[in-house]
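Got a structure for you, written out below as structure tokens; questions coming shortly.
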Amino acid sequence: MSEASGDAHDTERGRHETPTERWDRNWTDIQQELRIVQTGTQILAGFLLTLPFQQRFSTLSARQVTIYLVLVVLAVLVTVTALSAVASHRLVFRQRQKHDLVRVGNVILIAALIASALLFAGTVLFVFDVVVGDVGGLVGGVVVFVGTALLWVSIPIGLRRTRRDG
């Protein structure tokens, strides 16, 4: 969609903003969504980082330790990915590149969400594996991953099909 047709469509829906105002609004939306991702991930990372200091941690199997370490790396990956939007903003600050920042921020946010889905499913896999065994862990992890994928994909697809703003 061209800039001009986007402006006309926004005006039809009652939104009267310049392209710069739209980029600013979009960037603010991305920032808020990244804050939500970061907060949840930081809480989960904090939980993961306390586990080695628990007495039962020494009883984990080699496979469980591997799963745990993968989860720590995923938690760091989500955090670093989300923070890369902040770093990008700082490095292009006052360079009149908000439109580029919004495009990159969108990609960064999607990558952070994908890594978050893996982190959530992996955490359930790990906890269930420790508590009820490897089959329970696998089932729990798959259920959370599939459920997350369905919610995070089917709801937006349904919303795109309706497009009833106005």
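Checking the condition at pLDDT 95 or above and not hydrophobic (A, V, I, L, M, F, W, C), which residue from GLY166, GLY141 passes?
GLY141
Looking only at region 107-166, filter to residues that are assigned to a helix (DSSP H, G or I) and among the acidic types (Asp, Glu); which one of those is most open to solvent (accessible area, probe 1.4 Å)?
ASP134
If you don't mind, there's one more thing I want to ask. For region 37-55, which residues satisfy the criterion of being of a type outside the set (Gly, Ala, Ser) and surrounded by 14 or more Cβ atoms within 10 Å (Cβ to Cβ)?
VAL37, GLN38, THR41, GLN42, LEU44, LEU48, LEU51, listed by residue number.
Right, SER58: modelled with pLDDT of 85 or more and open to solvent by 90 Å² or more (accessible area, probe 1.4 Å) or not?
Yes, satisfied.
The values are calculated or read from the model by the stated rules, or taken from the named source; none is laboratory data. Predicted, not measured: the structure shown is a model, and the values here were computed from it. Please note: Cβ atoms are built from the backbone with ideal geometry, for glycine as well, and neighbour counts cover all protein chains shown. Note: areas computed on protein heavy atoms with side chains; ligands, DNA, RNA excluded. Shrake-Rupley method; radii C 1.70, N 1.55, O 1.52, S 1.80 Å.
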